[in-house]
Each structure stands twice: as structure tokens, then as C-alpha cells.
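Engineer: This is the structure I have questions about; it appears just below.
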Amino acid sequence: MTASPTSAQFVLNAHQAFEDEQLQKALHLTREGFVANRAAAAARLPEFEALRDSARDIKAHTLGLLDLYLEAYEKKVIEAGGTVHWARTGEEANSIIIEICKRHGAKTVTKGKSMVAEETGLNDALAAQGISPVETDLGEYLIQLRHEMPSHIIAPAVHLTRDQIEADFRRNHADLPPERDLTEPTALLAEARGVLREKFLAADVGITGANFLVAETGTSIIVTNEGNGDLTQILPPVHIVLTSIEKVVPTLEDVSQILRVLARSATGQDISVYTTFSTGPRRPGDPDGPEEYHVVLLDNGRSSMLGTDFADMLRCIRCGACLNHCPVYQAVGGHAYGWVYPGPMGAVLTPSLIGIDKSAPLPNASTFCGACESVCPVRIPLPKLMRHWRERQTERGLAPQAQRWGLGLWGFFARRPDLYRLATRIAMPLLAWLGRSEGRFSRLPLANGWTATRDFPAPQGDTFQAQWRKRTKTAAAHGDGE
Amino acid sequence: MSARAEIFANVRHALAVSGNEAPRRRSVEDRLRHAPQGVIPARGQGDAAARLALFRDEAERVSADVTELESAQQIPAAIATFLHDRNLPARLRCGSDPYLAALSWEATGLHVEKGRADPSDLVCVSHAFAGVAETGTLVLTSGGDNPTTLNFLPDTHIVVLNAADIVGDYEAAWQKLRMVYGKGLMPRTVNFITGPSRSADIGHSLLLGAHGPRTLHILVVNEGA
């Protein structure tokens, strides 16, 4: 369920996240698992780093020739009997899907997990036309019951605890006996399986996303662990794939390279349970599979990222490793980011898709520790891209007044080295003298944002430059020149 | 301007594509025609015996059961025993796969139904197109022989795999597929299946049997052994 973005109030969202006990409990339970599992999977494959390079190069190659690979892909889909639709915006994509659903008189549609569908707000658009969308990925189903957005791109309900899930099931599955025992997670899983099995069998249309598209064969690929995406696409008479233009890769060999880094980076599995390659509709003699196969290819601002600083972001394969390793994401969870894509990848992608004016705090929601870049399977320089957004904010006057004023003041002195040295030569000994009793400050004028949560260390006396000069002189006197 | 035309115009503009596209087109055609291989993990590159051993290890690592048989004729009895041991009814569903059809099911007392899976089917049997040693992955192809619904609707999925069809890596599986279907052509569905269905969405613990089969039982027929 896509609400209007609240990314602009990230700071407020983050404060609420700190206060949310259930959320903090859930985040705590997840934190180490993802990180340790990825590290173990990477360690088990000696070629892992070389495969990351390979995956990066394949995506970069394809993006540089994107128009031609999209043409090749489209041609193969049509040859296989499928239909390709092009959508400039989320609204266009939703209209195309609604039109197909209406043509088939669809009342309910099942959905595999799709971040692009979250991006276009497809569920609300379908519901407004009297078509009921049923999310079938367990995590997506859980948040659909709560009318929430996903808080993680591969584990949408990672912010929920078992207790919350039990309460939601009791409230929503009111036709089941109230005295049933749902203590064990397996009981909850079995209940969801039973409820959703009925939905799978009743659906008129199945909608999935795609992790990749293969130009060589006109194939769309979904990667899942539950098998829900497969039941979504093989049972109803119509299969619609909603995905975006940057998902195309050249060949089956190329996608095999990327698959080797996807699950390892995401969940620490060597490969997900189900990797499914779909090409066109049911063939003559096939006893199952959809009679119609549609692919809706969404642009929604992606084409204008090509050729810019942000083109690297189009390599993203949505594994979630940058979220899992980010200290900010680990502390506040995904909802604080205020839109569909959270964490470092969201901090870079969201401003491209909804505008930096609506998401100004996101590129600043980072400690710049670099963990995200160090684990990214396609080596996207996420901190650098966040820095680019910060530069644009400053250029466009979107940075907060105090920050711009402070940077301006610092810039004034930094451009005048003599003045800078004079100012620091006066200020440092003064600060050292003021802080001499404790060696630190628990309060500082103009810096209460810092001192509210930690002390500020008092300077030792000399400035860095003075100490450097002294060291250079001493070294020269000893004649070692080091 | 149509959405398609506008998206292509935007992409070409952003990529600053000039009038001369010949080198770009050549680059795309070459890659699509030759499908160059990238980095292939060394671990799948052993001989047939090593591939079988690795396949088995990797499949068991992701909670699949693997049983080795010396001949195809042992398949019906092995399945009958498996169902009996698990307290499952002696009935199963499979497609029209000729390899499975040639087996003598009658002697085992198993009731075999043919066709796509029905929601009430508890046990389905498929014949895999290939196995991939590197991750213990089964490769199944759609069609009347082995309908795709067999892979997802039942509680228990039994998959017959010939040891001779176990390849080292995904790339080798694609080569094998191209030999059958032709370059650039695919069956409607190719399923890579690695272990039984699972989810970690409830209570942060990994649970088997989300929407697909809770049990994946692999019968590897190794007639060369």
C-alpha cells in the first residue's frame, strides 16, 4: 500500500522509530542474522569477489546499450506470444494493468512480491476500480493486513514481531475458531498457507514483478523462497509482469553470474529456493500455465538517470545488503525513510524517483561508514551518490539554513589560510583552557545537537598545523627526512 | 508520442547516442549470439562422481532428501516405501513423461494419476531436465511431460533425476537446454528448484513449507554405478 511520501520528515520518523518498542525488538532480532549469513555465504565461494566484478560489468554494459537490449528483449517476447506494454509513469502502468484486468472481468488478482508495484501504488489503483489485490508473499500479506508499506525490500514485514502477527491473524481470519493455538510460528505459517491457497485458486489474474529480463530469450525471472510467485503466475489464465526498464540483461549466462551474487548478498543462501524463468504464455500441449502473458515495462524517471551521476544506481539488483549493513537502517528500520525504498539504496534512488525536494533528508541519513558500498554485489558507490545529492541540495538551497550558514563560515576561513591559522591559533588554546578540568565539554554553545547525546573532547592545546610544523622540524633536525 | 517512443527517445538522448549505431548494434548482436561465459565456480568442475557427490551434499544442505538408486526400475518401489514410511496415501500424480511412463507402477500398488496437479494432490512426481551440482539445484521444464503445477501445488514433491543429467554449473544447464530447444528459445517455464519451500517472514526464523512443497525428495538414478 503506497501512501504519499513522508521522506521529508525523516528526522521526526526516526525519533518515532526509536520510541517504538516492538520495532526495536524486531530490528534487534534481525540485525546479526543478515550480516553473518551474507559473510558465511561469501566465504564459502572463493570466486565471490570476482563474481561481484562480473555482475557489475554486465549491468554497466547493458545500461550503456539499454535501448538496443530493450528492443531485442521486446522482439523475443512477441515471438514467444507475449505482449509488451510501455509505461512512462506509475499511473500509466496501473492503467494498463487495470485495462487488462477489466477485459478479463477480473474480480480478484493475486500478486507476487513487487517493489515496482509498491512504487506505482498498484494495490490502491486496483481497489479503486473494484478489483481486490491479494498479496501472496507472506511478508507482503502481513503488511497488507496492516495497510503498511514494506519496511525492507526483501523482507517487507521484518519490522513485525510474532505477537503482532498473531494479533493480526486473529483479527483478520475471523471465520477460524478463536480458540486455535497460534503460539508456534509454524502454526501461523500453516494458517497463512491455508488462507492464501484459497486465494490462489480463485484469482482471475496473477501479477508478479521480475528480478531480471533476458534479452536473448524474452524471458522474465522471479526469485523467491516461498513459491508464492509461481502459484501466482501458473494458476490464473492471465500473467502480468510489472517491472522496470533497467532489469534487462543480455543472456542466460549473464543472469547466471548475477544470480550467484544475489541470494548470497540478500539472505546468505547460495541460491533462493525458486528461480523461475518465464517465456510467453502456455504453449500448445501445455496442460497448465497462463493463456496470456503481458509485460509492463515502467520507466518512471529511470531513463533520465542514464548518463548522469546517478546512472550507477540503475545497476541495483534489490538484494537489500546495503540496508542490512547500514547502522542507520539498523537503528530506525525502513518506514522512517518515508517511501518505498529504504536504507542506502533508497537514500540514492528515492530522490531520483520522487524528487530531492520531497526527500531532502535521505542523503543525509547516513554515517558515511561505507559499509553499504563494501557489501554491494554490483559495487554501487552509494556514499559517493549520496554526496552528489548533498551537493545538489546545497546548490538548490534545500540544505537547512544553519548547515549552509556554518559551511559558508567555514568556507570563508578555509579560503583564507592566514586568517584560518590565526583564528584556530586563538580558539584552540582558549577551548583547551576552558575544558582543562574535565578534558571534555558536556555542553557547548551552537553545538547542543552534538552534546545532547555525547561529550565533545577538549582540544589538547596546539592546532594540528602547529603540531605538524613542529614534527617536520624535529624530523629534519634528526636528518631522517621522514 | 507513444509511451514506447518517448521512453526510447529518452534513453537514447540520455546515452547521447549519435547517428552511427553500427558499433553499438554489433556489440549487442555479438553478445546475444555468443553468450560469453563469465566466472564459473571451480567447485562444480569435477568428474561425474564428484558432481553427483556435490549435488547430493548441496541439496541436503538446503533440506532436500536425496536417495540414490541403481536402476530406473527401482523407482516405483522406492516411492512406495517413501510414502509408506511417511504415512502418506499410496497415490500420486505425474505428467506424461515417457521415462516415468515406462516404469512398472502396477506391481507396487501405487495409484498413479496423469496430468496437471489438482489442489487436492498430496504427492506429485516429476522427472528433472537436469541437476546442477554447484548448488544442489534441480532444473525442470514445463509441458505435458512434467506440468509446472506439479512443482508447486503438492505438499510433497518427488523428483527423479538421472545422474548423467547432473552438470557442474548453471551455464552447463543452459547449454544442455539449447541442445534441446535451440538457441534463444525456451520452454514456457524453466524452474530452478533448490530445496523445499521456506519463509523467514514470521518471527524471524526460517520455516519450511510456505506456499510450495514442504518436502522435496530427490531420487537420483545412477545406472553407471
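The values are calculated or read from the model by the stated rules, or taken from the named source; none is laboratory data. Quick caveat: nothing in here was measured; it's all calculated off a predicted structure. Here Cβ is always computed from backbone atoms with ideal geometry, including for glycine, and neighbour counts include all displayed protein chains. Just so you know, the surface numbers come from the protein's heavy atoms only, side chains and all, with ligands and any DNA or RNA stripped out. Shrake-Rupley method; radii C 1.70, N 1.55, O 1.52, S 1.80 Å.
Engineer: Can you tell me which of B:205-216, A:74-85, A:349-360 comes out highest on packing, and rank the rest after it, using the mean Cβ neighbours within 10 Å?
Structural biologist: Ranking, from highest mean packing down: B:205-216, A:349-360, A:74-85.
Engineer: Looking only at other chains, what is the average number of their beta-carbon atoms within 10 angstrom of each beta-carbon in A:58-68?
Structural biologist: 5
Engineer: Sort B:91-98, A:260-267 by packing, meaning the average of other beta carbons within 10 Å per residue, with the highest value first.
Structural biologist: Ranking, from highest mean packing down: A:260-267, B:91-98.
Engineer: Right, here's the next one. What number, rounded to the nearest 500 deg cm²/dmol, is the helix-based mean residue ellipticity at 222 nm of chain A, given -39500 (n - 2.57) per DSSP H run of at least four residues and division by all its residues?
Structural biologist: -15500 deg cm²/dmol
Engineer: What full-extension length gain, to one decimal in nm, is calculated for A:Q467 and A:A427 as 0.36 nm per residue of separation minus the Cα-Cα distance?
Structural biologist: Full extension of this stretch gives 12.9 nm more.
Engineer: Here is a further query. Calculate the mean, over all residues of peptide A:253-265, of how many other protein chain Cβ atoms lie within 10 angstrom of the residue's Cβ. Please report the intermediate quantities before stating the final value.
Structural biologist: Numbers: counts 11, 5, 2, 13, 6, 1, 3, 8, 0, 0, 2, 0, 0.
Partner Cβ neighbours, averaged per residue: 4.
Engineer: Just to confirm the number: angle between the C-alpha axis of helix A:10-19 and the first principal axis of chain A, 0 to 90 degrees, nearest 10?
Structural biologist: Between helix and principal axis, roughly 80 degrees.
Engineer: Per chain A: cysteines with no other Cys C-beta under 4.7 angstrom?
Structural biologist: Taking the Cβ cut-off of 4.7 Å, the unpaired cysteines of chain A are A:C101, A:C316, A:C319, A:C326, A:C369, A:C376.
Engineer: Taking each residue in B:24-32, count the Cβ atoms of any other chain within 10 Å of its Cβ, then average. What number comes out?
Structural biologist: Mean partner shielding for this stretch: 5.
Engineer: Treating the angle as unsigned and between 0 and 90°, give the value, to the nearest 10°, between the Cα long axis of helix A:401-414 and the longest Cα principal axis of chain A.
Structural biologist: Here the helix axis deviates by roughly 50 degrees.
Engineer: I would also like to ask the following. Projected area of segment B:83-177, taken from the Cα convex hull and averaged over every viewing direction, in nm²? Working shown, then result.
Structural biologist: Values: hull surface 26.1 nm².
With every direction weighted equally, the projected area is 6.5 nm².
Engineer: How much accessible area per residue does segment A:249-337 have, counting only protein heavy atoms and a probe of 1.4 Å, in square angstrom?
Structural biologist: For segment A:249-337, the solvent-accessible area averages 19 Å² per residue.
Engineer: Taking 7 Å along the Cα-to-C-beta vector as the label spot, tell me the A:F18-B:S120 distance in nanometres, rounded to one decimal.
Structural biologist: 6.0
Engineer: How big is D, in µm² s⁻¹, for segment B:1-140 by Stokes-Einstein at 20 °C and 1.002 mPa s if Rh is the Kirkwood radius over C-alpha pairs?
Structural biologist: Value of D from the Cα-based Kirkwood radius: 107 µm²/s.
Engineer: Protein chains only, probe 1.4 Å: how do A:W339, A:W468 rank by accessible area, largest first?
Structural biologist: Largest to smallest exposure gives the sequence A:W468, A:W339.
Engineer: Share of the protein assembly as shown's accessible area from carbon and sulfur, percent, 1.4 Å?
Structural biologist: Reported share for carbon and sulfur atoms: 55 percent.
Engineer: To the nearest 10 square angstrom, how much accessible area does B:R33 have with a 1.4 angstrom probe?
Structural biologist: Looks like 140 Å² after rounding.
Engineer: Roughly what would the spin-label model give for A:R171 and A:E391, points 7 Å off Cα along C-beta, in nm?
Structural biologist: Going from the A:R171 label point to the A:E391 one covers 4.7 nm.
Engineer: Computed on protein heavy atoms with a 1.4 Å probe, what is the summed buried accessible area for the chain pair B and A, in Å² to the nearest 100?
Structural biologist: 7400
Engineer: Also, I was wondering about something else. What area, in nm² and to one decimal, does the C-alpha convex hull of the protein assembly as shown cast on average over all directions?
Structural biologist: Projected area, direction-averaged: 38.5 nm².
Engineer: Another question, then. How long are the three semi-axes of the equivalent ellipsoid of segment A:417-478, in whole Å, if each is the root of 5 times an eigenvalue of the C-alpha gyration tensor, listed from largest down?
Structural biologist: 28, 14, 10
Engineer: With each label point set 7 Å from Cα along the Cα-Cβ vector, what nm distance links B:S104 and B:S71?
Structural biologist: 1.0
Engineer: Here's another thing I want to ask about it. Return the Cα extents of segment A:159-284 along principal axes one, two and three, sorted largest first, each rounded to a whole Å.
Structural biologist: 54, 37, 23
Engineer: What do you get for Rg/Rh of segment A:343-482 when both radii come from the Cα atoms and Rh is the Kirkwood radius?
Structural biologist: 1.08
Engineer: Let me know the number of lysine pairs in chain A closer than 18 Å at the Cα, not counting same-chain pairs under 8 apart. Before the final figure, lay out each step's value.
Structural biologist: On the way: A:K59/A:K247; A:K75/A:K247; A:K76/A:K247; A:K102/A:K111; A:K107/A:K199; A:K111/A:K199; A:K113/A:K199; A:K113/A:K247.
Count of close lysine pairs: 8.
Engineer: Same structure again: Taking the radius of gyration and the Kirkwood hydrodynamic radius from Cα positions alone, what is the Rg/Rh ratio for segment B:45-221, to two decimal places?
Structural biologist: Result: Rg/Rh = 0.95.
Engineer: Right, another one. Counting just the Cα atoms, what span does segment A:7-304 cover along each of its three principal axes? Round to the nearest Å and put the largest first.
Structural biologist: Answer, in whole Å and largest first: 55, 50, 42 Å.
Engineer: So, one more: Can you give me the angle between helix A:185-202 and the longest principal axis of chain A, using Cα atoms only, in degrees from 0 to 90, rounded to the nearest 10?
Structural biologist: Roughly 50 degrees between the two axes.
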